[in-house]
Amino acid sequence: MAKTLYDKLWESHVVHAEEDGTALLYIDRHLVHEVTSPQAFEGLKLAGRKPWRISSIVATADHNTPTSHWERGIEDPISRQQVETLDVNIREVGALAYFPFKDKRQGIVHVIGPENGATLPGMTVVCGDSHTSTHGAFGCLAHGIGTSEVEHVLATQCLLQKKSKAMLVRIDGKVGAGVTAKDIVLALIGKIGTAGGTGYAIEFGGSAIRALSMEGRMTVCNMAIEAGARVGFVAVDETTIAYLKDKTFAPKGGDWDKAVAYWRTLVSDADAKFDAVVELDAASIVPQVTWGTSPEMVTGINGSVPAPEDYSDPVKREGVERALQYMGLTPRMPINQVKIDKVFIGSCTNSRIEDLRAAAVVARGRHVAASVKLALVVPGSGLVKAQAEAEGLDKIFIAAGFEWRQPGCSMCLAMNDDRLEPGERCASTSNRNFEGRQGNGGRTHLVSPAMAAAAAIAGRFADVRELL
Amino acid sequence: MEKFIKHEGLVVPLDRANVDTDAIIPKQFLKSIKRSGFGPNAFDEWRYMDHGEPGKDCAGRPKNPNFVLNQDRYQGASILLTRQNFGCGSSREHAPWALQDFGFRAIIGDSFADIFFNNCFKNGLLPIVLPKAEMDALFGLTEHTPGYRLTVDLAAQLVVRPDGHAIPFQIDGFRKECLLNGWDDIGLTLRHAEKIRDYEDRRKREQPWLFA
Ligand code: SF4
């Protein structure tokens, strides 16, 4: 029978299945960070259990770490305790790799896995973090899990899961200049809604996805979770294989050839059946900006903020009303009239080298508007930072008035000092525009890196296509 | 894990869609390395007028009188009614920990976000999905009837209203068993240790690069 890629990934990892379909899936890669792991390590220890396979673990500290003044260490004592707890736990337990605070390969957990070749096609990947779906870009089954599940995986190397339904999101055609992976995925969420993928595993396909680099595919898969899906992934092709060649933890020599032969099978069969298919025409996608407090509240740069009365469903209408109030926007306001206070270029959605290059193209030879209080560029990892500096991108940003920071999650969730003050408005390349996400009372608009740079220059949302 | 067999309790209506885990427990509280003590900060930004920080005593903080959980008539509620896509966003298990620490045993809604839904079961908190028409009726009844209570009967898979109307709900057999017995997943899984080892041995032969 013809199989979807999801079927193949699922079936190759089932260790045991209960009668109701709940399965034990074997986990190949376990990514660990400081926020969601302490209670899991503690639980393991209290129960007197040993970790099943430490060579599956890759760990780093990212959520709490500061992005400036590293010489001062982590000044917030509670954050420091959490990062130090991870140090202690990994020292006690062991890992394939650990990139602690200040290590040159430290960075956002979803950036360091792929760039070191620790994420490989055909793997099951878990992490106590919802954006684990990012790793699906490599043809992986990558689940974000809770802390109890982190403990479960540590103890048993397995995850309890029930199979989802399979959805194919097919995006064909060619995107216009200035339209990026971020715009594709925001447009998709705008179309299907944040619960549109609930209960589904999404495979992203079509010529527009095939044309994306691995960085772009990671951006798309990263936000699969924002569409409600449990996992999102892209089939393996030559782009995937070329990216992995010679990466630190990628197979070498004879193993490489064997692996590549297997990886090439990680595609949906031509006549495989999906439970749902969603289609999007790439050529119709324009640069996107969210206006509300959920990623589905999004419009094209040439569009406007809606009015509550446009919605007939009372729950939706109230949601829109509340969002407009929180965001301090008036109905029907053109989005390119909305002025911003801060800019954040970073996060596991958009902090890879290609993202920084796209922002730098816009920033080059221009200057951040005087009305913008802070424009941050936070590379996803130490390796991304080093690469960007080798290309001179840091100089372009600094000359344009951006701050060039150390890697980490930073203002994506504002657990460190990088945050919005109440009422401040931010053009952000992250993935969530929830109330208070970037700081209590902060107002987040999600955009691509190029659009964030354009907003920084204009002091308001602007169509990046006019700046290219 | 605490068993869940049958629970009867006061109901509070949170009539919002897309309540995300950042709202359920804001990020500053995730710096804790413990599992307990999150209850006073559940819905922190909606519940209090000032900004909450870990370690701050919540007793004297000004409360938002308009937020439903602060209203006198809902004090002591243990069943939360909500709308679609509850628990969306971050995978933080601090969200179910906070809800449970606050005193909730069951959450009844139109739909739940996937990871949150999963996390609830690991903590003896029961998420229940009911059809929209039943939800609308429950919201109406709760708002119009002071002291409105419901009974959640997991064994029978029913939400029972005081007027006797019983609403059936679905739950996976395996999850139900675990809740009814208070079983710990890890202990259950380790019964299959032999199978896990066999699987691992086979993968090591077939795909050695995964074990480098
Ligand atoms: S960058 Fe943001 S979304 Fe990504 S892992 Fe860090 S906090 Fe989570």
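General observations
- Computed log₁₀ I(q)/I(0) - Debye formula, equal Cα scatterers, no solvent, chain A, q 0.08 Å⁻¹: -0.44
- Positive-end residue, the protein assembly as shown charge dipole about Cα centroid, Cβ charges, pick of A:T4, B:P127, A:H135: A:H135
- For region B:47-122 versus region A:57-100, the inter-centroid distance based on Cα atoms is 29 Å.
- Beta-bridge orientation, region B:6-181: approximately 50 percent antiparallel, per DSSP, counting only bridges with both partners inside.
- Once the Cβ-Cβ distance of B:E8 and A:Q81 is raised to the sixth power relative to R0 = 35 Å, the FRET efficiency obtained is 0.30.
- Taking all protein chains together and a 1.4 Å probe, the residues B:D201, A:D257, A:D355 rank A:D257, B:D201, A:D355 from largest to smallest accessible area.
- Sequence-separation-based contact order of chain A, relative, with Cα cut under 8 Å and 6+ spacing, percent: 17
- Förster-model FRET efficiency, 51 Å R0, A:M1 and A:K339, C-beta, rounded to 0.05: 0.35
- Rolling a 1.4 angstrom probe over the protein heavy atoms with all chains in place gives chain A an accessible area of 32 Å² per residue.
- Calculated FRET efficiency for the pair A:K174/A:D310, C-beta based, R₀ 45 Å, to 0.05: 0.90
- Measuring only protein heavy atoms, the 1.4 Å probe finds A:R53 accessible over about 20 Å².
- Using a probe radius of 1.4 angstrom, the carbon and sulfur fraction of the accessible surface of the protein assembly as shown is 51%.
- Label-to-label distance, nm, for residues given as B:D172 and A:S68 (7 Å Cα→Cβ offset): 4.6
- Each of the trypsin sites (Lys or Arg not before Pro) that DSSP puts in a loop and that has at most 16 other Cβ atoms within 10 Å breaks chain B; the longest unbroken stretch is B:57-190.
- In a reduced charge model with +1 at each Lys and Arg Cβ and -1 at each Asp and Glu Cβ, chain A shows a dipole moment near 620 debye about its Cα centre.
- Kirkwood Rh, angstrom, chain B [1 / mean 1/r, Cα pairs]: 18.7
- Label-to-label distance, nm, for residues given as B:M49 and A:R322 (7 Å Cα→Cβ offset): 2.1
- Inter-chain Cβ neighbour average for residues A:18-28, partner chain, 10 Å: 4
- In region A:166-274, Cα pairs under 8 Å separated by at least six residues give a relative contact order of 29 percent.
The values are calculated or read from the model by the stated rules, or taken from the named source; none is laboratory data. In this text, all values refer to a predicted model and were calculated from it rather than measured experimentally. Reconstructed Cβ throughout: ideal geometry from the backbone, glycine too, with neighbour counts over all protein chains shown. These area figures cover heavy atoms from the full protein model, side chains too; ligands, DNA and RNA do not enter into them. Shrake-Rupley method; radii C 1.70, N 1.55, O 1.52, S 1.80 Å.
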